[in-house]
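*Asks:* Attaching a single structure in structure tokens format; questions to follow.
The values are calculated or read from the model by the stated rules, or taken from the named source; none is laboratory data. Just so we're clear, the structure is a prediction, and the values are computed from it rather than from any experiment. Cβ coordinates were reconstructed from backbone atoms using ideal geometry, including for glycine residues, and neighbour counts include every protein chain displayed. Just so you know, the surface numbers come from the protein's heavy atoms only, side chains and all, with ligands and any DNA or RNA stripped out. Shrake-Rupley method; radii C 1.70, N 1.55, O 1.52, S 1.80 Å.
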Amino acid sequence: MSTLVSRRIFAHFCSNHLKKSSMRSRVVSFSSIENEKSPNLEENAKSGMPASEPGKISAAVLKKFSDPLILENIESPKILQANEVLINVDYCAFNASDALLAKNLHTFKPTLPMVLGYEFVGKLIQVGEEAKKEGYKIGDKVIALNKERYGGLAKQCIAEITDIWKVPSEIKSVDVVGLLDDYITALIALENKVNILEEDIIFINIGISSTGLAAVDLATNVFKAQVISVCATEDGAALAREKGVIASFKYKDRKLLKQIEEIAAEKDIKKIFDDENGEHLKKILSCFTNIYKSEITIQDLLRDDNFAVVLHHFSREGRIVIAGTTATIKNDSDASKNGFTISGFNLRECRKENPEIYRQAGDDVLQFIEEGLINPTSVLTVGLPKVNDALEFILNNKSPGKVIVDIKNS
């Protein structure tokens, strides 16, 4: 399977005819949302949801940074462009970048009020003309990756056809809602940056990143590599072990190199360190493990553009790939002087610059889950009235598993 994936994606990367995406980055705010207090306070108090109103839908609205999300009714969205579809949302993943936006800690500042949530699954209830030509029809189950538009924490949401994929009917919606963002990121990064091979040894720094956990799953169960992982918590390390890694540790600064050395001895790697005391390896690892230092903030830990990879040759007999969550890299010139380069990856940029690769990776990931090769990990599912519990869980809990909001559960 890894050879098939390599050929497919490598062909896309080698193509000289990749089209630049013409889509303009935008976050859709809901101008129809009133800034006054909801008129349905009594209903909110009883059930957590406002009473239904004709022509309106329930949504979790961010009105003020660092305040709880407000459950209220907003105008039902309507498709305006031929390439748009309207989705009746069943489940929405609450991702780390959603939490950062809610706290105004993201790399960009959105216009408020807005509805968070960019990764969701549901059925099509309106289909634009261009979407119809692409084979989409009312009733299709789709998964959306609305990284530029958001809006998924509502009962209905608009997406463009370039950001949706059909979901096989036999696959449960709740099992795929948190799939694409993490797995597409990890898949393209591993293929593009290092062309990971079967039996490679790969060290993955999970931190508290669901993308890191996805990389563990792909590397172990699709590419058949030998994975060593490190995580912020023992619970996270245990989640990685469930994926089939050869070793998984909670990060401990003084023990990590010794633990890696012991695993290398078991795997008969002849030269685990290229120099005395492994100074070169320490420098590489520090680019990833600095996220565990005390001065690192929740913003550093939860950023969704800090997945990186580096290839390190341990000996003539083998190589190791180091991947996962890194500290912010502002200038990699010093790293290059030391004999290695950290290569970062940003899915938003890939979507714009290499749309064919982006689409193909989504197709591949859905094929993997349909074949039972991968198994996304969710650690919390809440109904829409408990959406603020999901927000607090991400901000306060160091788990790399996915958090899901059941939009229909009121």
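*Asks:* Just to verify a result, which residue in segment 135-159, among those that are of a type outside the set (A, V, I, L, M, F, W, C) and over 19 Å from the mean Cα position of the chain (by Cα), is farthest from ALA361 (Cα to Cα)? Steps first, please.
*Replies:* So the first thing to find is which residues in segment 135-159 are of a type outside the set (A, V, I, L, M, F, W, C), and the list is 135-137, 139-141, 146-152, 155-156.
Narrowing further to those that are over 19 Å from the mean Cα position of the chain (by Cα): 135-137, 139-141, 155-156.
Numbers: GLY135: 20, TYR136: 19, LYS137: 23, GLY139: 24, ASP140: 20, LYS141: 19, LYS155: 27, GLN156: 26 Å.
Ranking the candidates gives LYS155 first.
*Asks:* Do you know which of the residues in segment 255-269 that are of a type in the set (D, E, K, R) and more than 30 Å from the chain's Cα centre (by Cα) is least open to solvent (accessible area, probe 1.4 Å)? Spell out the reasoning first.
*Replies:* Within segment 255-269, the subset of a type in the set (D, E, K, R) is 255, 258, 261-262, 266-268.
Filter again for more than 30 Å from the chain's Cα centre (by Cα), leaving 258, 261-262, 266-268.
Working: LYS258: 115, GLU261: 71, GLU262: 95, GLU266: 138, LYS267: 87, ASP268: 94 Å².
Among residues in segment 255-269 that are of a type in the set (D, E, K, R) and more than 30 Å from the chain's Cα centre (by Cα), the one least open to solvent (accessible area, probe 1.4 Å) is GLU261.
*Asks:* I've got another one for you. Can you find a residue that is under 28 Å from the mean Cα position of the chain (by Cα), among the hydroxyl-bearing types (Ser, Thr, Tyr), at pLDDT 50 or above and open to solvent by less than 50 Å² (accessible area, probe 1.4 Å) anywhere in segment 5-28?
*Replies:* Checked segment 5-28: no residue is under 28 Å from the mean Cα position of the chain (by Cα), among the hydroxyl-bearing types (Ser, Thr, Tyr), at pLDDT 50 or above and open to solvent by less than 50 Å² (accessible area, probe 1.4 Å).
*Asks:* Still on this structure: May I ask you to list the residues in segment 115-148 that are open to solvent by 20 Å² or more (accessible area, probe 1.4 Å) and touching a Cys at 6+ places or on another chain (Cβ under 8 Å)?
*Replies:* Result: no residue meets the conditions.
*Asks:* Can ILE171 be described as hydrophobic (A, V, I, L, M, F, W, C) and buried (at least 24 other Cβ atoms within 10 Å of the Cβ)? Even if it seems obvious, please write down each step before you answer.
*Replies:* On the way: hydrophobic (A, V, I, L, M, F, W, C): yes; buried (at least 24 other Cβ atoms within 10 Å of the Cβ): no.
The answer is no for ILE171.
Let's see how each residue does on (1) without any contact (Cβ under 8 Å) to a residue 12 or more places away in the chain; (2) among the acidic types (Asp, Glu); (3) crowded, with 18+ Cβ neighbours inside 10 Å:
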{"position": "ASP182", "(1), (2), (3)": "no, yes, yes"}
{"position": "ALA189", "(1), (2), (3)": "no, no, yes"}
{"position": "LEU197", "(1), (2), (3)": "no, no, no"}
{"position": "ILE202", "(1), (2), (3)": "no, no, yes"}
{"position": "THR211", "(1), (2), (3)": "no, no, yes"}
{"position": "ASN221", "(1), (2), (3)": "no, no, yes"}
{"position": "LYS224", "(1), (2), (3)": "no, no, no"}
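*Asks:* Take ASN88 and decide whether it is polar (S, T, N, Q) and in a strand (DSSP E or B).
*Replies:* Values: polar (S, T, N, Q): yes; in a strand (DSSP E or B): yes.
Yes, satisfied.
*Asks:* Could you check segment 378-396 and list, in sequence order, the residues that are open to solvent by 60 Å² or more (accessible area, probe 1.4 Å) and either among the charged types (D, E, K, R) or touching a residue at least 12 places away in the same chain (Cβ under 8 Å) (or both)?
*Replies:* Step one: list which residues in segment 378-396 are open to solvent by 60 Å² or more (accessible area, probe 1.4 Å), which gives 378, 381, 386, 389, 392, 396.
Answer for segment 378-396, where residues must be open to solvent by 60 Å² or more (accessible area, probe 1.4 Å) and either among the charged types (D, E, K, R) or touching a residue at least 12 places away in the same chain (Cβ under 8 Å) (or both): SER378, THR381, LYS386, ASP389, GLU392.
*Asks:* I'd like to verify a number: residues in segment 53-69 that are touching a Leu at 6+ places or on another chain (Cβ under 8 Å) and either over 25 Å from LYS103 (Cβ atoms) or open to solvent by less than 70 Å² (accessible area, probe 1.4 Å) (or both), how many? Walk me through how you get there before you give the answer.
*Replies:* We begin by selecting, within segment 53-69, every residue touching a Leu at 6+ places or on another chain (Cβ under 8 Å); these are 58-65, 68-69.
Those still in the list that are either over 25 Å from LYS103 (Cβ atoms) or open to solvent by less than 70 Å² (accessible area, probe 1.4 Å) (or both) too: 58-63, 65, 69.
Selection size over segment 53-69: 8.
*Asks:* Within segment 83-97, is even one residue surrounded by fewer than 22 Cβ atoms within 10 Å (Cβ to Cβ) and without any contact (Cβ under 8 Å) to a residue 60 or more places away in the chain?
*Replies:* No, the conditions are met nowhere in segment 83-97.
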